[in-house]
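What follows is a short report on a single structure.
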Amino acid sequence: MKFTFKPSPNYRDSQSTQSIMRDLTIGLLVVFAFSLFYYVTGENLGVNYALRACGLLVTSVISAVVTEAIYFAFKKEPIIKSIKGSFGWVTAIILTLMCPINISYYALAISTILAIVFGKLVFGGFGQNIFNPAAFGRAIIMASFAGSVAVDFATSATPTASFAASGWLMSNETFSSFIAQFGGLSEMFIGRYPGAIGETSALVILLVGAFLVYRKVIDWKVIVAYLGTIFVSTLGIGLVNGQGMWYPIFHLLTGGVMFGAVFMLTDPVTNPTSSAGRIIFGIGAAFFTVLIRIKGNLPEGVLYSILLMNMLTPLIERLTTGNQIKIAKKNMRNVAIIFVACLAILLGVSTTMEAKEITINEPVEEIDGITGTAQGFGGEVSVTVATDENGIITKIVAEGTAETPNLGGAAISTFNSEGFAKFEGVALAEADFDTLDTITGSTVTSEAVIEALKQTQGGQTTTQEVTEETTAPTTTEEIDGIVGSAQGFGGEISVTVATDENGIITKIVAEGANETAGLGLDAIETFNNEGFAKFEGVALAEADFDTLDTITGSTVTSEAVIEALKQTQGETTTETTAPETTEAATEENDGIVGTAQGFGGEITVTISVDENGNITSVVAEGANETAGLGLDAIEKFNSEDFTEFEGVALAEADFSTIDTVTGSTVTSKAVVEAAQAAQSAAQQ
Amino acid sequence: MNKNKSSFINGLLTENPVFGLYLGICSTLAITTSLNNAIGMGVAVIFVLTFSNIIISAMRNIIPNEIRIPVYIVIIATLVTIVEMLIHAYAPSLYSALGAFISLIVVNCIILGRAEAFASKNGILASAMDGISMGIGYTLSLLVMSLIRQILGTGILSFSNPFTDATIFSFTIIPENYVISMFKDPTGAFLTFACCAAALTAYINHKKKKEASR
Amino acid sequence: MKKIIYLTCFLAIVCAIAGGALTVVNDMTAPVIESMAIEAEKENLELIYPGADFTEVENTDDTGLILGIYEAAGQGYVYKLQNTGYSSTPFQFLIAFNLDGTVGGYQMLQSSETNGFGARAWEDEYTNTILGLTSSDAFPLLSGATVTSTGVVEAIDAAKAHFNALQGIEYDENAVAEAPALATGNPVALNSDLADYNATVTDEVADGDKTTYTVTAYGFGLLNGQSDYSENVFEVVVNNTDLTIDSIAMTQFGDTAGIGDKIDTPEYFDLFKGATIDSSVDTVTGATFTSNSAIAAAQAALNAAGGQ
């Protein structure tokens, strides 16, 4: 195969490479200046951001120039002259403009160095490279440094990423509210919305582009072919899928399409030399951009399309090589065929597109309270916990504008509307935020929210705390108390429950030396450190050890621990002064009896009082109630709700405060009625 | 002895099977993500290469010329399958790390190439030495690639006992936030390979120049 | 000719020797490999048959859903199954059949199914249903977790196929389990006092022999004076000739989701067919009030039809 390689530009012109690159650099700096302006004046941004942008630019330029200096020194060529002729800073500026503001300095520096070395120098330096070095550098960042971001520069989700999350389809109404977040299509055109440093302002880029075309620095044919094909194909796709006119415009304005069109596809070193070739190049790039977007589910269609077309440039050259005047007709025919083929493929593929549900990050209410923050998936997540004067949680609001709308953002919305409800009415110091139901697919965000919530607890001291340390040691302590044991996975598990003189649990320690390391042993450690905490301060007789959070993968161990814990409850009769309520059979008590009609039969409530008229015990019985529903409700009343009335004067007891159990309303109401009947009987 | 020695060194450098002769690249690119993998694969290849060379050399006079390739393949395949079964039974974590590439040793061009080019024409001892040296050359290449890729890609240099999974050493050279994770991927593999091959070629050219100017 | 025979024989001998060597090594290593596989699984297998002696059985499954088959000596067979449900991450679980065909165990290993929906496939209600079945039964789906339970049942079917083939049990491969029956009880007479439910006929459309009544009625929430509930609306079709209910459907539900809406099934509303003012209809267990709401609506419709 004959292979001729012609470095470009290769025709004599009044311009020199120097002046072309100088104009290009000026154009890029104008775009950069606009983005500085946006950072300084934009909301939630500020001078910090502008300074960082400058810092990133300087880092990249220095990395590029130093790398080239080292290279030329190594090759023993005159350094200053070679660097001037190698235009490494152009690559650096373009690469910086393609990156988000929160990329780390290290990532940018390394990528610039690799881009210059492997994207340009190994091919022979300026004019000899196959791939656009800046695009190559950006691809390196995407492959290696996706997580390498500076934490304190929060970025919100970009419109491209959000739209991509919805499958590149959105109903017209959803779109209006979606785009309103960013100020509408007009703001997107001007460029005042979050995105890469230099890619956002279509307006500025087009103006600079027009200037550069006028100065004959770049070829307008590539730009028109690229933007035109994107417009036409996305218009078609939009029509096929019922999107409005905004659809093609949105595609054009997002994801660096404008930037790529003006500054990267037009690079004469990496695109074909002939006009027809350049048009085909533009069409092909548009094809790949749209295809990757709609089917690849990546927002970055532009980047990879540039690299792919760079790769195909030699092929396109072969197709369009020759005396351009003679083959003009053939060229036009080829261009037309390629255009139609690309359009047809895109339209065909677009019929398989499906819109995905996207939840727009709703603005959250402002409340006063204690704030906690943690690092979420895309940025910071913060929670505000409002409490009343007793330290009881009244409301929790979470916020995480940088989370992915469909996943982390949706999780936060769910927390705000439902997930936090379980903590309302709970004392902040005692709230166990680990029990927040995490949302599948948003683990990072969910855990960040839990982390942030725990932070708000940090400064609180509990009033009822016993003088035990709050963090349990990792070796199991020896404590005195009631011991229970059960058969675990590998051997015996024992728990020791220490109580105070009132029978209130002060500490629980579990031990099971024969459990499996990594599973059962870890589970026991977790119980000792955290899992038992919920039982501290609870009366041993009333503790419901079934609510101990079992650990996945150590079910046998967990259940043995629960078993052992329950054992300790069996022996509490001598310890507590309050009369016990047994869990199984209801005791026979002398006392005042009240009855009511339950769901399946009669319900009786027996209330015993002491000589002062204070309730000593309340026991309900209803053997005909439904197992699993009414019977369970009665058991709950006997073991929990009725204990609130012990010590209360019978005449003053208000049984209507007993919560009905969901699903056993009839039984619950009957129990209340029966208790009230007993109450009124006693007063007669 | 000198001849053996120089051919041994050849196998390591100028005739390095991976960077010099460009043989066996597929598995090189795929598995060189950690030292463990490199050494595991390297030892497997040394074993197969040496024994296949020995057996083929021993049988070189009785193998009929027309069916020599199928016979070589049967011998090599048997050896590879034995190695695979042994690894599966006694070093299971290595087995899951190398995966299909153990079986692919059969088609590693180095082995068939050496069998055809050397073992079928030379004595048993010479063939064994050739197998060992080629195998060591291959292993060293893998080690170089793995070293670079593991350090740049994960920041950690570590080695663990393949039979018991006990870590023998583990140094964090580059902190986690500064690793270039591209090197763990095929992209990094190609880049590293290109650099190593270029370096070897530069060295060979330099040596040639020196000898020419003498 | 002689040459070809010679070549063939030579190759055959080489292959035979090679095969011999492989067999030797295989015998040496295969048991080691097998016991390793079982060790890895043992913790999970012991959840079902604690302390049993496990050996791995050859996996002849071609559905791709069975990850491993283990025989617990003298007790039964455990199948490690994997399938996808609602979440994109596949779930894995164990099901065991005792030697007599009854289900010996059902245990989740990993699942990312949605809490409250697919995750219910491993909660007590469904687990208890499964534990009560045998290998020749059709396994039912779980209402409200259709996608996940379809995956579960599909995987169990693969296990059943293998087990039944192994044990020589005949069963109907294509049987589909009926949806779990709605638990009803406690009949309420259509002429009882349901005034509290405030059933009101808001619309009447006559069509020959039948008249369709749109009836609103209080449900659980409104009955208890809770303002954030709304009314239930029913469409009751009455046969004018014999004053029986032809059909009843619920068009608007204002009660507690997950509880009251249990009555909204064709199965329940079928109970109303042919009912007269003197009939009784059962209420749905756990959704008494909403059931009463429907009964009150039926009562109101019948009263309106009878001109009372």
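The values are calculated or read from the model by the stated rules, or taken from the named source; none is laboratory data. Please read all numbers here as calculations on a predicted model, not as lab measurements. Glycine gets a Cβ as well: all are built from the backbone with ideal geometry, and neighbour counts include every protein chain shown.
Counting only residues that are buried (at least 24 other Cβ atoms within 10 Å of the Cβ), part of a helix (DSSP H, G or I) and not hydrophobic (A, V, I, L, M, F, W, C), how many does region A:248-267 have?
2
Please find, among B:S52, B:S120, B:S141, the residue that is in contact with a Pro (Cβ under 8 Å, 6 or more places away or on another chain) and crowded, with 16+ Cβ neighbours inside 10 Å.
On the way: B:S52 fails: in contact with a Pro (Cβ under 8 Å, 6 or more places away or on another chain); B:S120 fails: in contact with a Pro (Cβ under 8 Å, 6 or more places away or on another chain).
Exactly one of B:S52, B:S120, B:S141 is in contact with a Pro (Cβ under 8 Å, 6 or more places away or on another chain) and crowded, with 16+ Cβ neighbours inside 10 Å, namely B:S141.
In the list A:N331, A:N323, A:N271, which residue meets the criterion of being at negative phi and surrounded by fewer than 20 Cβ atoms within 10 Å (Cβ to Cβ)? Give the steps one after another, and end with the answer.
Numbers: A:N331 fails: surrounded by fewer than 20 Cβ atoms within 10 Å (Cβ to Cβ); A:N271 fails: surrounded by fewer than 20 Cβ atoms within 10 Å (Cβ to Cβ).
Among A:N331, A:N323, A:N271, only A:N323 is at negative phi and surrounded by fewer than 20 Cβ atoms within 10 Å (Cβ to Cβ).
Only one of B:I204, B:I180 is β-branched (V, I, T) and either within 21 Å of the chain's Cα centre (by Cα) or away from chain A (no Cβ under 14 Å) (or both). Can you tell me which?
Details: B:I180 fails: either within 21 Å of the chain's Cα centre (by Cα) or away from chain A (no Cβ under 14 Å) (or both).
From the options B:I204, B:I180, the qualifying one is B:I204.
Within region B:153-171, is even one residue in contact with a Leu (Cβ under 6 Å, 6 or more places away or on another chain) and β-branched (V, I, T)?
No, every residue in region B:153-171 fails to be in contact with a Leu (Cβ under 6 Å, 6 or more places away or on another chain) and β-branched (V, I, T).
So, A:N624, is that one surrounded by fewer than 16 Cβ atoms within 10 Å (Cβ to Cβ), closer than 23 Å to C:T290 by Cβ and not β-branched (V, I, T) or not?
On the way: surrounded by fewer than 16 Cβ atoms within 10 Å (Cβ to Cβ): yes; closer than 23 Å to C:T290 by Cβ: yes; not β-branched (V, I, T): yes.
So A:N624 fits the description; yes.
Quick check on region B:153-171: of everything there that is of a type in the set (F, W, Y) and over 14 Å from B:A97 (Cα atoms), which residue is nearest to the chain's Cα centre (by Cα)? Outline the logic, then answer.
The initial filter retains those residues of region B:153-171 that are of a type in the set (F, W, Y), namely B:159, B:163, B:169, B:171.
Narrowing further to those that are over 14 Å from B:A97 (Cα atoms): B:169, B:171.
Numbers: B:F169: 23, B:F171: 25 Å.
Taking the candidates together, the pick is B:F169.
Out of curiosity, is A:K566 out of contact with any Asp or Glu (no Cβ under 6 Å at 6 or more places or on another chain), at pLDDT 80 or above and among the basic types (K, R)? Let's see the steps before the verdict.
Details: out of contact with any Asp or Glu (no Cβ under 6 Å at 6 or more places or on another chain): yes; at pLDDT 80 or above: yes; among the basic types (K, R): yes.
Yes: the conditions hold for A:K566.
Just one of (1) surrounded by fewer than 16 Cβ atoms within 10 Å (Cβ to Cβ); (2) in contact (Cβ under 8 Å) with a residue 12 or more places away in the chain; (3) small (G, A, S) trips up B:G99, so point out which.
(2)
Got a sec? Which of A:T401, A:T467, A:T461 is in a loop (DSSP other than H, G, I, E, B), among the hydroxyl-bearing types (S, T, Y), modelled with pLDDT under 80 and closer than 30 Å to A:L521 by Cβ? Give the derivation first.
Numbers: A:T401 fails: closer than 30 Å to A:L521 by Cβ; A:T461 fails: closer than 30 Å to A:L521 by Cβ.
None of the others qualify; the one that does is A:T467.
In region A:51-64, is there at least one residue being of a type in the set (D, E, K, R) and either over 27 Å from A:A196 (Cβ atoms) or modelled with pLDDT of 90 or more (or both)? First the steps, then the outcome.
We begin by selecting, within region A:51-64, every residue of a type in the set (D, E, K, R); these are A:52.
From what's left, either over 27 Å from A:A196 (Cβ atoms) or modelled with pLDDT of 90 or more (or both): none.
No; the residues of region A:51-64 include none that is of a type in the set (D, E, K, R) and either over 27 Å from A:A196 (Cβ atoms) or modelled with pLDDT of 90 or more (or both).
Mind telling me which of the residues C:V236, C:V284 ends up being touching a residue at least 40 places away in the same chain (Cβ under 8 Å) and within 13 Å of chain A (Cβ to nearest Cβ)?
Values: C:V236 fails: within 13 Å of chain A (Cβ to nearest Cβ).
None of the other options fit; the residue is C:V284.
Can you tell me how many residues within region C:101-117 are farther than 18 Å from C:N44 by Cα and more than 10 Å from chain A (Cβ to nearest Cβ)?
So the count comes out to 3.
Could you please let me know if C:G274 is over 30 Å from A:S668 (Cα atoms), in contact (Cβ under 8 Å) with a residue 12 or more places away in the chain and surrounded by fewer than 21 Cβ atoms within 10 Å (Cβ to Cβ)? Even if it seems obvious, please write down each step before you answer.
Values: over 30 Å from A:S668 (Cα atoms): yes; in contact (Cβ under 8 Å) with a residue 12 or more places away in the chain: yes; surrounded by fewer than 21 Cβ atoms within 10 Å (Cβ to Cβ): yes.
Taking the combined requirement at face value, the residue satisfies it.
Which of (1) part of a helix (DSSP H, G or I); (2) more than 19 Å from B:I111 (Cα to Cα) does B:N10 not meet, given it meets every other one?
Going through the list (1) part of a helix (DSSP H, G or I); (2) more than 19 Å from B:I111 (Cα to Cα), B:N10 breaks only (2).
For region A:191-214: of the residues being modelled with pLDDT of 90 or more and not aliphatic (A, V, I, L, M), which is farthest from A:I279 (Cα to Cα)?
A:F211
Looking at this structure, is A:I83 in contact with a Phe, Trp or Tyr (Cβ under 8 Å, 6 or more places away or on another chain), away from chain B (no Cβ under 14 Å), surrounded by fewer than 17 Cβ atoms within 10 Å (Cβ to Cβ) and more than 23 Å from A:L252 (Cβ to Cβ)? So that I can check it myself, show each step before the final result.
On the way: in contact with a Phe, Trp or Tyr (Cβ under 8 Å, 6 or more places away or on another chain): yes; away from chain B (no Cβ under 14 Å): yes; surrounded by fewer than 17 Cβ atoms within 10 Å (Cβ to Cβ): no; more than 23 Å from A:L252 (Cβ to Cβ): yes.
In short, no.
Give the number of residues within region A:515-558 that are part of a loop (DSSP other than H, G, I, E, B), small (G, A, S) and at pLDDT 75 or above. Let's see the steps before the verdict.
Residues of region A:515-558 part of a loop (DSSP other than H, G, I, E, B): A:515-519, A:530, A:536-538, A:543-544, A:548-554.
Now narrow it down to the ones that are small (G, A, S): A:517-518, A:537, A:543, A:553-554.
Adding the requirement that they be at pLDDT 75 or above leaves A:537, A:543.
Residues flagged as part of a loop (DSSP other than H, G, I, E, B), small (G, A, S) and at pLDDT 75 or above within region A:515-558 amount to 2.
Give the number of residues within region B:102-127 that are away from chain C (no Cβ under 14 Å), free of Cβ contacts under 8 Å to residues at least 60 places away in the same chain and closer than 25 Å to B:N61 by Cβ.
Of the residues in that region, 4 qualify.
Quick check: is even one residue across region C:255-264 without any contact (Cβ under 8 Å) to a residue 12 or more places away in the chain and in a loop (DSSP other than H, G, I, E, B)?
Of the residues in region C:255-264, the ones without any contact (Cβ under 8 Å) to a residue 12 or more places away in the chain are C:257-258.
Now drop any that are not in a loop (DSSP other than H, G, I, E, B), which leaves C:257-258.
Among the residues of region C:255-264, at least one is without any contact (Cβ under 8 Å) to a residue 12 or more places away in the chain and in a loop (DSSP other than H, G, I, E, B), which makes the answer yes.
In the set C:D278, C:D264, which member is at pLDDT below 85 and away from every other protein chain (no Cβ under 14 Å)? Break it down into steps so the answer makes sense when it comes.
Working: C:D278 fails: at pLDDT below 85.
The conditions single out C:D264.
Checking the structure you have, find out if any residue of region B:153-165 is surrounded by 15 or more Cβ atoms within 10 Å (Cβ to Cβ) and aliphatic (A, V, I, L, M).
As a first pass, look at region B:153-165 and keep what is surrounded by 15 or more Cβ atoms within 10 Å (Cβ to Cβ): B:153-160, B:162.
Checking the rest, the ones that are also aliphatic (A, V, I, L, M) come to B:156-157.
So far as region B:153-165 goes, yes, one or more of its residues are surrounded by 15 or more Cβ atoms within 10 Å (Cβ to Cβ) and aliphatic (A, V, I, L, M).
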